[in-house]
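Since the structure comes first, as structure tokens, the remarks are kept for the end.
The values are calculated or read from the model by the stated rules, or taken from the named source; none is laboratory data. Every value quoted in this text rests on a predicted model; they were computed, and no experiment measured them. Because the Cβ atoms are built from the backbone with ideal geometry, glycine has one as well, and the counts that use them run over all protein chains shown. What goes into the accessible areas is simple: the full protein's heavy atoms, side chains included, and nothing from ligands, DNA or RNA. Shrake-Rupley method; radii C 1.70, N 1.55, O 1.52, S 1.80 Å.
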Amino acid sequence: MKSSALRRILTVIVCGLMAASITSAQVTPSYNGETPAQRDVRMKWWREARFGMFIHWGLYAQAAGSWNGQRVDTHPLGEWIQFAAKIPAAEYAKLAEKFNPVKFDAEAIVKMAKNAGMKYIVITSKHHEGFAMYPSKASPFNIHDATPFQRDPLKELAAACKKHGLRLGFYYSQAFDWHEPNGVGNTWDFGPDEQKNIDLYLKTKCVPQVKEILSNYGKISILWFDVPVQMTKERAELFLPLLKLQPGIIINNRLGGGIQGDSETPEQFVPATGFKNRDWETCMTINDTWGYKSYDQNWKSSEMLVRNLIDIASKGGNFLLNIGPDSLGQVPEDITDRLQQVGEWMKVNSKAIYGTSPSPFKSLPWGRCTIKKAKSNTTLYLHVYDWPVDGKLLVPGLKNRVLGASLLHGGMKLATASSESGVVVSLPAKPTDPYSSTVVLRIAGKPVVENPVQQQNADGSLLLQADNAELVGNQIQVENVAGQSCIGFWTVSSDWLQWPFQAVKPGKYRLTAEVATTGETQIEVGIGNDKLTARIPNTGGYDKFQALELGNLQITATGKTALQVHAVAQNWSPVNLRHIKLTPVQ
């Protein structure tokens, strides 16, 4: 979705875009009964791939963000136009009469993905509009039977993926279906969801269609569910036997019913610290929408896309980057240009992305780090965004013996020196790439890093920001809201956080914070044995941040300590927290 605020607003309707990842991991440790070792074997290719292409394509490409000649701006996403404009299902279905994507070229799209460095493709087989992008015997509302096109783009894509060595996956919207009287979501035509026969809809359309897409297209590596609204455990379990049709298939966490699947699915953001003990995949658009909108020109730069890929890999995740073909099946030139530029970077630097593990550093002032471990040593790939003016790159806190250093592009050998602050690498005057240059640093053993502890300023003041917090719990994480990092998804009161710091000036301190929430609640803040309880008012939205006075706390001694923040369990309402600031009380 377009923003974290919108993601949260729509959670009531689309309770699976993030909520599934929040709750499911606690319910079902393994949905298929496999051992951790068996899971590792099954997930191996996916963990090494790191980069994939998402394709959102359906009848909404024919609408292109407008209805009856008018732009529909009440919802930012092109594929949600029927919902946004409350278009009757019978009227919306008439789009199929004109949908004739004769310029769709599966071979060209697969080559584009491969040249960009992508290892797999996931395409929408049925989105919320209920229209199948393949010939379906379970419903005539499909691209073969309802349009002049009468081809099977999924079969063409499957053949091209097989030819060029890419893995193929299918997206399927199992609950939302705005075309079906018993499908979830269309209340303007068919009344409240609670009065519908959802079980009948699932058994007569969805289960047969998922069986079709898992049976008729050769090897399918991923099944990507979406929006588990109304998906009870019993309903979700209808789909599990179908997975046996594709041994080794990977599913995400959006099926519902407490089934956690194989991967978390953060949408349109990169979690600051990834996910503990969970595979994860950030899905993201190149502009603002997933499905094609003719007037959405808010394109991310190639530099941003490259750095997002690096950032995600440095935190142990995969990057599923979306394209939205138009009604003729063409990919917009702005997308093809950017993917070509990403591919040029990957041709040189892919070794620092594929098969890498997360960074051992809490943060780096100049970029990111990915690593590859061997039996007796480790290779650190230092992704340098900000090239040092003095030519000295400090790798802070690194204590290992250095075995060698070089530039990935060109292989130039680099001198290194160890110091109390870490390892210093001597670089040439200019970077090798404008987006991110890669330094290869080989060290003995596993990385040993002493992450520096934040220290009070000379006057005692201290700004504790979200990116530097230590988070404790399964749901709480750092996200980006309104262009800034904040602690969010704090949906469970047992989760908490702390900021370790070095106290240098004991005394009384006034605490202020920037917070956002949709419900009045309370937090407990403490340093050592001194604690306070602060009321957090409703700020009007998860992106509506307000400065708030929390109260005063005492720092009693110098040395290492921590500021801890806990939820007050009674009537807890999730809070987004940007920072807490300590100011000495004169």
Residue that is without any contact (Cβ under 8 Å) to a residue 12 or more places away in the chain, at positive phi and open to solvent by 40 Å² or more (accessible area, probe 1.4 Å), where the choices are Asn277, Asn298: Asn277
Grab the strands (runs of 3 or more DSSP E) fully contained in region 316-428, keeping just those with 3 or more residues being basic (Lys, Arg). 367-373
Search region 495-528 for residues being within 12 Å of Leu582 (Cα to Cα) and of a type in the set (Ser, Thr, Tyr), and hand back the single one that is least open to solvent (accessible area, probe 1.4 Å). Tyr509
Could we say that Asp459 is charged (D, E, K, R) and surrounded by fewer than 17 Cβ atoms within 10 Å (Cβ to Cβ) here? yes
Select from region 74-115 the residues that are charged (D, E, K, R), closer than 21 Å to Ile323 by Cα and part of a helix (DSSP H, G or I) and list them in ascending order. Glu79, Glu107, Lys111, Lys114
Exactly one of Lys203, Lys114, Lys163, Lys119 is open to solvent by 10 Å² or more (accessible area, probe 1.4 Å) and free of Cβ contacts under 8 Å to residues at least 40 places away in the same chain, and that residue is Lys203
Among the residues of region 367-384, write down those that are open to solvent by 20 Å² or more (accessible area, probe 1.4 Å) and out of contact with any helix residue (DSSP H, G or I) (no Cβ under 6 Å at 6 or more places or on another chain). Lys372, Lys373, Ala374, Lys375, Ser376, Asn377, Thr379
Could you please find all residues in region 529-542 being surrounded by fewer than 17 Cβ atoms within 10 Å (Cβ to Cβ) and either assigned to a strand (DSSP E or B) or in contact with a Leu (Cβ under 9 Å, 6 or more places away or on another chain) (or both)? Asp530, Lys531, Leu532, Thr533, Arg535, Pro537
Just to be sure before I move on: is Glu129 more than 20 Å from Leu95 (Cβ to Cβ), touching a residue at least 40 places away in the same chain (Cβ under 8 Å), open to solvent by less than 60 Å² (accessible area, probe 1.4 Å) and in contact with an Asp or Glu (Cβ under 9 Å, 6 or more places away or on another chain) in the structure I sent? no
Lys94 being in contact (Cβ under 8 Å) with a residue 24 or more places away in the chain and surrounded by fewer than 22 Cβ atoms within 10 Å (Cβ to Cβ): no
Tally time: how many residues in region 545-586 are surrounded by 13 or more Cβ atoms within 10 Å (Cβ to Cβ), assigned to a loop (DSSP other than H, G, I, E, B) and touching a residue at least 60 places away in the same chain (Cβ under 8 Å)? 4
Among (1) open to solvent by 30 Å² or more (accessible area, probe 1.4 Å); (2) more than 24 Å from His56 (Cα to Cα); (3) in contact (Cβ under 8 Å) with a residue 40 or more places away in the chain; (4) hydrophobic (A, V, I, L, M, F, W, C), where does Trp345 come up short? (1)
Answer yes if at least one residue in region 483-490 is without any contact (Cβ under 8 Å) to a residue 12 or more places away in the chain and either of a type in the set (A, V, I, L, M, F, W, C) or farther than 24 Å from Ala458 by Cβ (or both), and no otherwise. yes
Please tell me if Thr265 is touching a helix residue (DSSP H, G or I) at 6+ places or on another chain (Cβ under 7 Å) and modelled with pLDDT of 95 or more. yes
When residues of region 404-416 are filtered for being open to solvent by 40 Å² or more (accessible area, probe 1.4 Å) and either under 17 Å from Thr370 (Cα atoms) or within 32 Å of the chain's Cα centre (by Cα) (or both), how many remain? 1
Among the numbered conditions (1) in contact (Cβ under 8 Å) with a residue 12 or more places away in the chain; (2) more than 18 Å from Lys111 (Cα to Cα), tell me where Leu320 comes up short. (2)
When both residues are 6+ apart or on different chains and their Cβ atoms are under 6 Å apart, which pairs have a first residue that lies in region 250-270 and is farther than 21 Å from Arg50 by Cβ and in a strand (DSSP E or B), and a second that is open to solvent by 10 Å² or more (accessible area, probe 1.4 Å) and not β-branched (Val, Ile, Thr)? Gly256/Pro228; Gly256/Met231; Ile259/Tyr31
Determine whether region 207-218 contains at least one residue that is in contact (Cβ under 8 Å) with a residue 12 or more places away in the chain, at positive phi and surrounded by 15 or more Cβ atoms within 10 Å (Cβ to Cβ). no
Determine, yes or no, whether Gly519 is assigned to a strand (DSSP E or B) and of a type in the set (Gly, Ala, Ser). no
Quick check on region 385-395. Is at least one of its residues surrounded by fewer than 16 Cβ atoms within 10 Å (Cβ to Cβ) and of a type in the set (Gly, Ala, Ser)? yes
Please verify whether Arg338 is among the basic types (Lys, Arg), under 27 Å from Gln484 (Cα atoms), surrounded by 23 or more Cβ atoms within 10 Å (Cβ to Cβ) and more than 12 Å from the chain's Cα centre (by Cα), treating the condition exactly as stated. yes
Kindly indicate which of Leu463, Leu471, Leu497 is under 23 Å from Leu563 (Cβ atoms), in contact with a His (Cβ under 7 Å, 6 or more places away or on another chain) and not β-branched (Val, Ile, Thr). Leu463
